[in-house]
1. Based on the Cβ-Cβ distance of C:Arg126 and B:Leu56, what FRET efficiency does E = 1/(1 + (r/R0)^6) give at R0 = 56 Å, to the nearest 0.05?
2. Report the Stokes-Einstein translational diffusion coefficient (µm² s⁻¹, integer) for the protein assembly as shown, Rh taken as the Kirkwood radius over Cα pairs, at 10 °C with viscosity 1.306 mPa s.
3. Rounded to the nearest 0.05, what FRET efficiency is calculated for C:Trp82 and C:Leu159 with R0 set to 35 Å and r the Cβ-Cβ distance?
4. Calculate, for A:Ala196 and B:Phe131, the FRET efficiency according to 1/(1 + (r/R0)^6) with r their C-beta to C-beta distance and R0 56 Å; round to the nearest 0.05.
5. Lys and Arg at +1, Asp and Glu at -1: add these up for the other residues within a Cβ distance under 14 Å of A:Gly236 and post the number.
6. Calculate the spin-label point distance for A:His67 paired with A:His177, positioning each point 7 Å from the Cα along the beta-carbon direction, and give it in nanometres.
7. Give me the one-decimal nm value for the distance between modelled label points at B:Ser209 and B:Val169, 7 Å along each residue's Cα-to-Cβ direction.
8. Can you tell me the 0 to 90 degree angle between the C-alpha axis of helix B:180-193 and the longest principal axis of chain B, rounded to 10?
Amino acid sequence: MTEPLLRVRDLKTYFVTEHGSGTARAVDGVSFEVYPGETLGLVGESGCGKTVTSLSILRLIPEPPGHIRPGSFIEFEGRNLLTLAPRELRAIRGNRIAMIFQEPMTSLNPVFTVGDQIAEAAIVHQGLSRRRARARAVEMLKLVGIPDPAERVDHYPHQMSGGMRQRVMIAMALVCHPKLLIADEPTTALDVTIQAQILELLDRLQRDLGMAVMLITHDLGVVAGTADRVVVMYAGEVVEQAATGELFARPLHPYTEGLMASVPRIDTRVSQVRGRLHSIPGQVPAATAWPAGCRFHPRCPYAWDRCRQEAPPPLDAGAGEPGAHTVRCWLLTEPQRRSARA
Amino acid sequence: MTAGTWLALAGALVLAFALAAETRRAAAGPAGRRFFRHPTAAPGLVVLAFFVTLALAAPLIAPYPSYLQLDPVHLANQPPSGRFLLGTDPLSRDVWSRLVYGARFSLGIGSLAMLVAVSVGAAVGAVAGYFRRWVDALLMRLVDVGLAIPRVFVLLVVVALWDRVSLPVLVLLIGLTGWFGTSRLVRAEVLSLREREFVVAARALGGGSARVILRHVLPNAAAPIIVSAALGIGSVMLLEAGLSFLGIGVPSPKPSWGNMIADGQDRLAAAPWTSLFPGLAISLVVMALNAVGDALRDALDPHKEAA
Amino acid sequence: MSAWIVRRLAAAIAIVLAAVTLTFFLLHLAGGSPCGQRDVQSVAPEVCARLRAQFGLDRPIWEQYGKYLWAVLHGDLGQSFWQRRPVIAALGDAMPNTLVLAGTALLIDFTLGLALGVYQAARARRFGDIALGNAALFVNSMPTFWLGLVLLLVFGQWLHLVPVGGTHDPVLCARLDSLHCVGDRLWHLALPALTLGLVGAAATARYQRAAMLEVIAQDFVRTARAKGLRERRVLLVHALRNALLPSITLFGLAFPFLVTGAVLVEWVFAWPGMGWLAVMAIGQRDYPVVTATALVASGMVTVGNLLADVVYAAADPRIRVRGA
């Protein structure tokens, strides 16, 4: 197998809470890899640490109150991002690894034209002149499918719709042809029709530019259509990871099962959806007090004594190569309990 | 300074700390916690309590009468010492004694003028917000004008036209030129309150306008009024000090911290203490008022973040 | 946007008109003639009546008001008793001094205030921020004139670094050419402008710090960091450009403070500007000069606020572009 582009090992990002009364363990020992050119889906409910994971990669966690614990390890192209000097880190941000955010309405600077904002990264990282950078910005706007790019380049963000702004964000992220694009809920804030367009655009650009994409979403439906592999996060941990086909064919963690059951399928009729759309009972617990044992046990339909006392390690599900499909669940050791329930 | 006045001074200090500690103990609720979360709130309270004690117990604490010229020939411009805690001024008056008595004028004028300003501001704001339409339009245009004319110049004109102004008139003048900001604040509060259920209910039950405003609207707009008053006393004190410094506020020989600064101006190099200490007193009190006002805003109006 | 400017301009004119009306009524209330309450005994009743007729004070009040308005409109603010020349001439001498002082103070206020505010926001809740914050709070609580005296004592009297008053040294300036006199004038300007500027800067810094912190927490600042920009560029270009917008409003608020503060600072430093003129005139019972300075001060504040509003509208692309 090829070398991974990005390797995250035992990432722990903690936050000191408001009045110093406790520590929120937002990301608590997360490991995964991203391979060149692939799309990795990072899935989970809000509050389970997806966004903090993605921000940690570029060290964009505000410190204080946040900090990445020693012992964490994020390797990109053979270098540990967590020990880079600020100057070396800047050479990677926006250049080798780029990021787009959930809120296109607030993620663009309101007082600069979109052209200036796109050109900026090209000027900083590639030393382009202002004129060439501007021409590049026009090119990028065209690439992301904005009509009249030569005119739009001088517009301010408030003159554009949400979908247009997300396209601008994408243009801005891709201006230096990064090797890895981290897209944090890129479509959540958009209308459904626009969502599909943006996902399609990302898909096309990934193939054209040959970059890897880390797609963060709470929506398994989004992942199903675009990702090669999926990492499912719950309560600051990776609970299951596998190739997309394998995961959808054989979800092993009860949390993954629950997520899948709550995705409405195209082929279900609306009347059926009401009755069958079963979501997981309860909600993600507070990051200051994860449950003991398996963190999912308070919401798990199969939980037994062992789950309450002992946290499961990532267990190999034995599909293909070792590590291709891992699950953090004791059910793997006692599969009969699943069938007993069902 | 005699043993008695030293003792009184020590007593004032102890009392100030005790008062602040007692307030802290009594204010145990969430508002109290928000108040004392400000690191400067407790020291601010101590400073205020100390100076208020000075003003109230002035005859006990001041070693000399504030007017007394001890010996203009031999005891003028004496540096601070055990006998004259803060030195003497060019007329051989004890600066410490004048500072203690001056607290009465400076704090008194500041709070009374602010009381006038807040009362007028609250009344105008409540009327404008409650009746709306042309009443509101007219009063708010008046406020625009009031805010555009610098207060000092209005006071200068009045003083120029009427010669000497007596202290009560001075208080009224400062108050009557200082209510514009408060009225805007109260109006906004009343506008949002007047549509709330309990006010609508009071009106539906046939309460007269004055009654509804006084009984139902103003008490609920109290928080921003109190906060603006606390923050306003400081600026009023600075204004009074400025006027007294120019010789058109509190008339000499009555001691106000502002005119005390003027007393020392001519001998600044030789006897700086005459001007320095009263200025320090004003700065401390105004800073304490600002600190307490900021903390009060957080305590009473938690949704409005301190700037 | 032009309709908005016209409305805003009309409001400004109305405010100035109201100020003129107010001064008229104050004058009227006080008697407004050499036979006011003052020195009544010294003027014979017949003389008084003649004077009243001569000044038109026997006419109905609305007619007097119209005349007053007409005169003010033509720059006729009456005669100065004390200087024995038209008030407008006395003001003409004083006004440039005040403008120079207030302008320099404004410059110090905003450059220092903005720099401190940005620095504090960048180091928020660390030692430098807390120390500067408390210092600013203290300076902001000082009487301006007292700070002036303290600076005068330290830099003028003890260190002999700067002159202690006036706008220039007449003896020195008489011998030098005008260019060297400019240096001397700047020398005299330093302390008064610094006094006024420091107090203003303390307030500006507090405001700017809060504005910066609010902006720094926003998503687009994270976007800028994710782009790989230097922290300096993130703060000084992306954040500051946004945080400057609300500060323009502060610019408008600074005018009343400057005009008021100038009165006291001019007095401390014997700086012959409008404030100094007004206080001197009070001593001389010269009320036409005092009322005229009040009028001009109100006008300056109104124009300042108007300017701030227009600049704000022009600087914010969200307003500028939508309105165009």
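1. 0.85
2. 47
3. Here the calculated transfer efficiency is 0.45.
4. That gives a FRET efficiency of 0.55.
5. +2
6. For the pair A:His177/A:His67, the computed spacing is 4.1 nm.
7. Distance between label points: 3.4 nm.
8. 30
Taken together, the values in this text are just the output of simple stated rules run on the coordinates, not laboratory data. Everything quoted here is computed from the prediction, not taken from an experiment. Don't worry about glycine lacking a Cβ; one is built from the backbone with ideal geometry, like all the others, and counts go over all protein chains shown.
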